[in-house]
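Below is one structure, written out as structure tokens; the observations come after it.
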Amino acid sequence: MSILVVGSVAFDSLETPSGKREKILGGAATHFSLAASFFTDVRVIGVVGEDFLPEHEAVMTRRGIDTAGIEHAKGLSFHWTGSYLKDLNAADTLATDLNVFATFEPKIPASYLDSDYLFLANIDPVLQARVRKQMPKVKMVAGDTMNYWIAAHRENLLKVLAELDVLLINDGEARMLSGESNALRAAQMVMALGPKSLVVKHGEYGATAYFSTRSFGKLEQTHELEQRPFRAPGLPLSDVVDPTGAGDSFAGGFYGYIASQGVTTPEVVRKAMFYGSVMGSFAVERFGTERLQTLTRAEIDERFGQLREISHL
Ligand code: AMP
């Protein structure tokens, strides 16, 4: 099974308590693809500028990611500047330079049209909607967004939410989207906006999945108990160097595992939550994409076992 992802492919300038980095490879689609590539085939749609060099693309192609859908345009790549000095669990956006994304018209290569799963990673909801429209036959659609789009592009975002089987966002975004501070009520209100299921990420503390009665359209053989929220813990880590990309890596592990199984039984969705948590835990150990570049499947499976042990009663 293959995943088609659209989202930012970017350069990030970051400061965290562990140090600073200028213009390192980042972007929601980049982190997502790298994480998902450990589980299934991944194809990317995005746009980059002249500052995006073959060595940057090689980070993806080395992991077998299909980059035929990354357009090279005149100008500079998307550039995000963020700081985690105040709170390691919440990025403080200092600047968002859309650059080549401001005029991007997504085009889907013919070789991508048979993709089974669609992931609308964080980017302008107008672009997410355009890609969704061009892929009407996919088995499942999941997506992500962030405060930047919730605040100023709500109308466009609501159109995307109406199309989603699963939305993945963090606690702050769920509160912002719903206007409700109670976690369970906020989840129900967000699902009432369209997504059939919702995954709320809690930074270092893990993530919770919520299911509506319409969940996945096909949560096969679902028992009432299995419709209740399900929480995957975060793995306690001694060193968190850079949280950038943790959310996208969670999404990559979660959705990559679902795509690799081809069904959305409750057991698959629960394991996917654990794989998401595992991939997020690796992402934060180094700056940017560094850790996912050296990661092996054996390390992923070992950490999955650890996560299982710390949460088993
Ligand atoms: P996260 O996984 O939530 O930490 O996402 C981090 C990635 O999101 C970074 O690599 C950024 O390049 C990217 N990003 C930041 N702001 C935006 C935005 N407004 N639209 C799309 N991508 C963004």
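Mind checking which residues of the stretch 58-77 are charged (D, E, K, R), closer than 23 Å to Ala102 by Cα and part of a strand (DSSP E or B)?
Hit for the stretch 58-77 is Glu71, nothing else.
Examine the stretch 207-214 for a residue that is closer than 30 Å to Thr16 by Cα and hydroxyl-bearing (Ser, Thr, Tyr), and state whether such a residue exists.
yes
Among residues belonging to the stretch 89-110 that are among the polar types (S, T, N, Q) and without any contact (Cβ under 8 Å) to a residue 60 or more places away in the chain, point out the one that is surrounded by the fewest Cβ atoms within 10 Å (Cβ to Cβ).
Checking each candidate, the answer is Thr103.
Which one of Gly234, Gly305, Gly253 is in a helix (DSSP H, G or I), in contact with a helix residue (DSSP H, G or I) (Cβ under 8 Å, 6 or more places away or on another chain) and at pLDDT 95 or above?
Gly253
Taking the stated definitions as given, is Ser238 surrounded by fewer than 20 Cβ atoms within 10 Å (Cβ to Cβ) and of a type in the set (Gly, Ala, Ser)?
Taking the combined requirement at face value, the residue satisfies it.
Inside the stretch 260-284, can you point out the residues that are away from the ligand (no atom under 14 Å from the Cβ), outside any helix (DSSP H, G or I) and either at negative phi or hydrophobic (A, V, I, L, M, F, W, C) (or both)?
Across the stretch 260-284, the qualifying residues are Val263, Thr264, Thr265.
Quick one: which strands (runs of 3 or more DSSP E) sit completely within the stretch 92-188 and have at least 1 residues that are away from the ligand (no atom under 12 Å from the Cβ), modelled with pLDDT of 95 or more and within 24 Å of Thr208 (Cβ to Cβ)?
The qualifying strands (runs of 3 or more DSSP E) are 117-120, 140-144, 166-170.
Could you list, in sequence order, all residues of the stretch 279-302 that are β-branched (Val, Ile, Thr) and surrounded by fewer than 21 Cβ atoms within 10 Å (Cβ to Cβ)?
Once the filter is applied, which keeps residues that are β-branched (Val, Ile, Thr) and surrounded by fewer than 21 Cβ atoms within 10 Å (Cβ to Cβ), the stretch 279-302 yields Thr294, Thr296, Ile300.
When the residues of the stretch 38-51 are narrowed to those that are within 16 Å of the ligand (Cβ to nearest atom) and surrounded by fewer than 23 Cβ atoms within 10 Å (Cβ to Cβ), which ends up nearest to Met1 (Cα to Cα)?
Gly49
Being hydrophobic (A, V, I, L, M, F, W, C), over 25 Å from Glu299 (Cβ atoms) and in contact with a Lys or Arg (Cβ under 9 Å, 6 or more places away or on another chain) is the filter here, so list the residues in the stretch 32-52 that pass it.
Applying the first criterion (hydrophobic (A, V, I, L, M, F, W, C)) to the stretch 32-52 yields 32, 34-36, 38-39, 42, 44-45, 47-48, 52.
Restricting the remaining residues to those that are over 25 Å from Glu299 (Cβ atoms) gives 45, 47-48, 52.
The one that is hydrophobic (A, V, I, L, M, F, W, C), over 25 Å from Glu299 (Cβ atoms) and in contact with a Lys or Arg (Cβ under 9 Å, 6 or more places away or on another chain): Ile45.
Hey, can you tell me all the residues within the stretch 11-36 that are crowded, with 21+ Cβ neighbours inside 10 Å and either closer than 30 Å to Thr264 by Cβ or not hydrophobic (A, V, I, L, M, F, W, C) (or both)?
Asp12, Gly26, Gly27, Ala28, Ala29, Thr30, His31, Phe32, Ser33, Leu34, Ala35, Ala36
The values are calculated or read from the model by the stated rules, or taken from the named source; none is laboratory data. A quick note: this is a predicted structure, and the numbers were derived from the prediction, not measured. Cβ coordinates were reconstructed from backbone atoms using ideal geometry, including for glycine residues, and neighbour counts include every protein chain displayed.
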